[in-house]
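J.: Here it is, the structure, as structure tokens.
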Amino acid sequence: MKLRVFLLILLTTLFCCTIVYGECPEGENWVKSYTDDVGNTYSLEAPCKVYIGIPFNITATVTSTYCGSSVWVAGAWQIYDNGEYILYGGGITTPWQKIVESTYYGTPIDHTIEFYFYDFPECTGFAHGWNGQLIGDVTVDPYPPSVSYSCLGFEPPLDKSPIKFKKNRVLPLKAQL
């Protein structure tokens with residue numbers, strides 16, 4: 001009896017951990033965000049899984065609940081892909097968004113995307129601190145899942161060859177995809 005209870009608790013724990021700590025599902029995006037002490041929110045979003053040769057987007061967004069719109073909330077910013085700059089600039093006013101279209105080629109290796117920025121405290125325009133807390137991983141696979149179709153031919157009576165029919169007659173055709 002004790003063994004059954006233990007196994008039930010163990011399976012329940014493993015199931016819950018899989019839900020909480022499981023992989024990002026294929027076809028979905030991960031989103032990482034950081035909100036500073038005055039309500040400026042920095043976020044980074046990218047797909048969980050991408051394929052060699054197929055384009056995808058990496059999106060960095062900054063919004064502010066405290067500063068409002070058209071206010072400088074951050075200074076210099078950089079987006080890295082596996083430690084290399086893919087986009088950078090200076091000055092972020094809210095609302096702000098940068099979308100980077102990327103495509104991987106060659107050997108499939110997983111990538112780490114990072115978003116760094118100088119955060120301004122209380123919308124003052126003076127640097128608060130260099131932050132790089134927005135980091136997420138992208139799994140890269142060589143080929144997308146393929147879909148194959150096949151044709152098994154026609155069903156009776158069109159399965160016989162040659163087919164003869166009278167003029168202006170409806171053909172009994174049945175097809176299934």
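J.: Show me, for region 41-49, the HN-Hα J-couplings you get by feeding each phi into the Karplus relation (A = 6.51, B = -1.76, C = 1.60, θ = phi - 60°), rounded to Hz, glycine and proline as x.
T.: 10, 10, 9, 9, 9, 7, x, 5, 9
J.: Using θ = phi - 60° and the Karplus relation 6.51 cos²θ - 1.76 cosθ + 1.60, list the HN-Hα couplings for region 61-70 in order, rounded to whole Hz, with x at every Gly or Pro.
T.: With coefficients 6.51, -1.76 and 1.60, one gets 9, 10, 10, 9, 8, 8, 7, x, 9, 6 Hz.
J.: Ranking request for peptides 76-86, 34-44: highest mean number of other beta-carbon atoms within 10 Å first, then the rest in descending order.
T.: My ranking of the peptides, most packed first, is 34-44, 76-86.
J.: Could the peptides 87-99, 57-69 be put in order, highest first, of the mean number of other beta-carbon atoms found within 10 Å of their residues?
T.: Going by the mean number of other Cβ atoms within 10 Å, highest first, we get 57-69, 87-99.
J.: Follow-up question, since we're still on this one. Mind ordering 113-120, 137-144 by average Cβ neighbours within 10 Å, highest first?
T.: Those peptides, ordered most packed to least, come out 113-120, 137-144.
J.: Calculate the FRET efficiency for residue 107 and residue 34 from the Cβ-Cβ distance with a Förster distance of 25 Å, rounded to the nearest 0.05.
T.: The calculated FRET efficiency here is 0.20.
Where a number appears in this text, it was derived from the coordinates with a stated rule and is not lab data. Everything numeric in this text was worked out from a predicted model, so none of it was measured. With ideal geometry, Cβ positions are generated from the backbone for all residues, glycine too; neighbour counts draw on all protein chains shown.
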